[in-house]
Amino acid sequence: MLLEQVRGPQDIRDLSAEQLKELAEEIRHFLIDKISVTGGHLASNLGVVELTIALYLAFDLPGDKVIWDVGHQSYTHKILSGRREMFDELRQYGGLSGFPKRKESPYDAFDTGHSSTSISAGLGMAQGRDLLGEDYSVVSVIGDGALTGGMAYEALNNAARMKRNFIIVLNDNNMSISENVGGMSKYLNAIRSGEGYNRLKKDVTAALMRIPVFGESLVDKISRTKNSIKQLVIPGMLFENMGITYLGPVDGHNVRAMVKVFREAKKMDHAVLIHVNTKKGKGYMPAEKNPSHFHGVEAFDPGTGKPIKEKVYPGYTDVFSKELCRLAQKNPRVVAITAAMPDGTGLKAFAKRYPERFFDVGIAEQHAVTSAAGMAAAGLKPVVAVYSSFLQRGFDQILHDVCIQNLPVVFALDRAGLVGSDGETHQGIFDLSYLTSIPNMCVMAPKNLWELRREMEFAIERYDGPVAIRYPRGQAYRGLKEFDSPVEYKKGEILFEGREIALLAVGSMVSTAEHVRDKLKEEGVECTLANGRFIKPVDEGLVGYLARTHELIVTLEENVLQGGFGLQVTALVHQCAPQVKVLNIALPDAYVEHGNVSVLRESLGIDSDSVIKAMREFYPEKLGGPV
């Protein structure tokens, strides 16, 4: 097999065109085999195999720098840079990351994990190259979906001012995670249908240059009016009008054609954008037919494409989806907003039932938040469904456009807490800290699926201000069903009464606290178990009661310690009962790498056994010291 002989870029340089085709097919089979076991991003990686090979042939990595937008499509890049043998541990704890990581390899020029960043990063790297007098190529690869993000336009606006070479590769597969929406998608569709323009330009230029004496001057005069000609053939010509040379479209599965264009682009002394058309999921029929489903997958049967493990219902996303539709049926002012993730956030059912009240804004979280603020100001009840780590991108808009005006926008934060295999850029472990820092913001977390329904009902029907509900990825907790009281503003609840030690948990950590209580009860230690419900505002009455009646309060949250729930409780306890000890169980002040969530919880000390160990060390006079 050719693939087994590839241990670095130099091993593909002497391959024939037929061998490169064979290599591309071997890479696809390899990716399907490996990802079917480990899970990962499949469709996007199958689509860029030839594109990656062409980049490796046209450029000299790692001297030249390639920056992958989002980065989940970098698997072929990792294979060609010598990491093929690490794929058995792809996205596993301590194993190969599913995204580019500078500390993993010198071939990874820049860490990426969120969308629309590669042009900004590449532009900055090119400017650094120029100021330091160095000489290498910088290539930013960005998808058409990522061009719906405003940061990409900010970067394009500045890239037009470049006086030295900077290359942008637009990987156009007509998809982000779900189907692309909006004006940029329509614009790129027009360009795809305008391939005749490039052939026309080439043929006319060649013919004119053959005219003796006057040919070159004619070409020069025509080039001065090229915008007028392009406007007739390709609508807008956005990139050229900005001052960025546009090349393409190019077949993204034709290695030779791409290498030729890349080498031409390297000769230019300014910014150039190369438009490459690829097919997401190429070479694997289930992924070609359903690229959204195969964007990110768990282990699956490569023969059928079906997951090995059946999905466990209901997940928190499923509960959210069903409850939102129920509440929207009662209230015609309820609208839903997503940033290119109707499937992942559970809004697909809402979109089907209420299409006129559903808004997919593309990969544009900032716009999603501010447009929601506008809807709220107009009298609607907007629900912004978004992954926790992606809402970070809209922090200023939450603070400035929603909360200053105290507008009734509901934020449904999916994937809050540890999400596992996608690693640092996707762990939702900061939302409690940044959201509770904003005045007027209310933050809740449900202990189980029934409480998620109660909190949504409270947020949509009974609360008239900004509110965020954060819930984890995966199966919804079905325990503690007997505790299903209505949600009251700023009120937690005591689930079990005990003595001396109180466990005060929020969200996903309530079930962990329940397990801690059960294990200590077997040792004869009766703990109080309380559900905080509200992270902001904290139930001061509940904290005061626990401080008056217990010697130790243990707070539990799946968020970093700094700025989180535990430090708020600690401050309140120290005000009213400074003699009471407070132990905060939270995540460390660090970025959490990829791995199985259960493994991560244990390694980070927030599983039940680790919590008990920490309690013994902190309170040995009651719990007998460390074991």
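Each reported figure results from applying straightforward, stated rules to the coordinates on display, with no laboratory input. Values in this document were obtained by computation on a predicted structure and should not be read as measured data. Neighbour counts run over all protein chains shown; Cβ positions are idealised from the backbone, glycine included.
Observations on the structure shown:
- The loop-placed chymotrypsin sites (Phe, Trp or Tyr not before Pro) in the range 486-549, going by DSSP, that have at most 16 neighbouring Cβ atoms within 10 Å of their Cβ come out as 489.
- Sites matching trypsin sites (Lys or Arg not before Pro) across the range 446-478 that sit in DSSP coil, with at most 16 neighbouring C-beta atoms within 10 Å: 478
- Estimated from the Cβ-Cβ distance and a Förster radius of 30 angstrom, the FRET efficiency linking residue 312 and residue 352 is about 0.85.
- Full-stretch length increase - residue 377, residue 257 - with 0.36 nm per residue and alpha-carbon distance subtracted: 38.0 nm
- Relative contact order of the range 493-623, defined on C-alpha pairs under 8 angstrom at six or more residues apart (%): 24
- DSSP bridge pairs, the chain: antiparallel proportion in percent, nearest 5: 15
- Within the same chain, aspartates and glutamates fewer than 8 places from residue 163 are excluded, and of the rest, those with a Cα less than 14 Å from its Cα are 130, 135, 269.
- Mean Cβ count within 10 Å, highest first, over the residues of peptides 7-15, 133-141: 133-141, 7-15
- Difference of contour (0.36 nm per residue) and Cα-Cα distance, residue 461 to residue 267: 63.8 nm
- Magnitude of the charge dipole for the chain, about its Cα centre and with charges confined to Cβ atoms of Lys, Arg (+1) and Asp, Glu (-1), is about 1740 debye.
- Per-pair calculated FRET efficiency, R0 = 35 Å: residue 127 and residue 613 via Cβ, rounded to 0.05: 0.10
- The range 37-72 and the range 237-253: distance between their alpha carbon centers, rounded to Å: 20
- Separation of alpha-carbon centers, the range 357-410 and the range 505-559, rounded to whole Å: 32
- Packing-based ranking, highest mean first, of 400-407, 42-49, 96-103, 348-355 given that Cβ atoms within 10 Å are counted: 42-49, 96-103, 400-407, 348-355
- Placing R0 at 25 angstrom, the Cβ-Cβ distance between residue 2 and residue 88 gives a FRET efficiency of 0.80 after rounding to 0.05.
- Of all DSSP bridge pairs formed entirely within the range 469-627, close to 15 percent run antiparallel.
- Beta bridges by DSSP in the range 316-470, antiparallel share as percent, to the nearest 5: 5
- Those residues of the range 566-583 whose amide nitrogen sits under 20 Å from the label point placed on residue 523, 7 Å along Cα→Cβ: 581-583
- In the chain, taking the dipole from charged Cβ atoms about the Cα centre, the farthest positive-side position among 342, 469, 578 is held by 342.
- Rough spin-label spacing in nm, given labels placed 7 Å along Cα→Cβ, for residue 490 and residue 322: 3.4
- Among the listed pairs 101/306; 322/381; 282/348; 65/260; 381/447, those whose Cα-Cα separation exceeds 21 Å are 101/306; 282/348; 381/447.
- Label-to-label distance for residue 603 and residue 499 is 4.1 nm, based on points extended 7 Å past Cα in the beta-carbon direction.
- The dipole here belongs to the range 408-469: it is taken about the Cα centre, uses +1 on the Cβ of Lys and Arg and -1 on the Cβ of Asp and Glu, and is about 140 debye.
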